[in-house]
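What follows is a short report on a single structure.
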Amino acid sequence: PMASCQSLNVIEAGLRDIMQNSVPFGGKIIILGGDFQQVLPIIRHGSQDEKKFSKWLLQLGDGSLPTVNGEIQQPPECIISGNLITDIFGKQIKEEDLKILYEKVILCAINKDCLTLNEE
């Protein structure tokens, strides 16, 4: 089931209290997941690339993306060749970088992949 806004507000306030700071979510990285159609990025006045990616996510959620040898082809700009976490978040996370980090996300289709990333 989808988490309510109130649930996320309680978690956010609790993390700020535990971490004893006023940074959103206490400065912790929060990963939320679910139905790709319910977590589409909200992009006001988005670029063509951003709109194209949103359309791709909708097709992924619908199961209507074409496959090659049974595999879904990802947009080339979503594929990296190095360490996923370092490429997304950098080698170090500093408090002054938090505003930039709020705009980045790693989506995992299955829990096994998420657990693997968390172990890194």
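The values are calculated or read from the model by the stated rules, or taken from the named source; none is laboratory data. Note that the structure is predicted; figures quoted are calculated from it, not measured. In this analysis, Cβ positions are derived from the backbone assuming ideal geometry, glycine residues included, and neighbour counts consider all displayed protein chains. Note: areas computed on protein heavy atoms with side chains; ligands, DNA, RNA excluded. Shrake-Rupley method; radii C 1.70, N 1.55, O 1.52, S 1.80 Å.
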In the neighborhood of Gly27, defined by Cβ-to-Cβ distances under 9 Å, what is the net charge if each Lys or Arg adds +1 and each Asp or Glu adds -1? +1
A chain fully extended from Leu84 to Gln6 at 0.36 nm per residue, minus the present Cα-Cα distance, gains in nm 24.9 nm
The simple spin-label model distance between Gln20 and Thr116, using points 7 Å out along Cα→Cβ, in nm, is 3.9 nm
Straight-distance crosslink candidates among lysines, where the alpha carbon sits under 17 Å from Lys99 and sequence neighbours closer than 8 are dropped: Lys28, Lys91
Keeping every protein chain in place, order Ser81, Ser64 by accessible area at 1.4 Å, biggest value first, i.e. largest first. Ser81, Ser64
Could you compute the net charge surrounding Lys112? Neighbours are other residues with a C-beta less than 15 Å from the C-beta of Lys112; K and R count +1, D and E count -1. -3
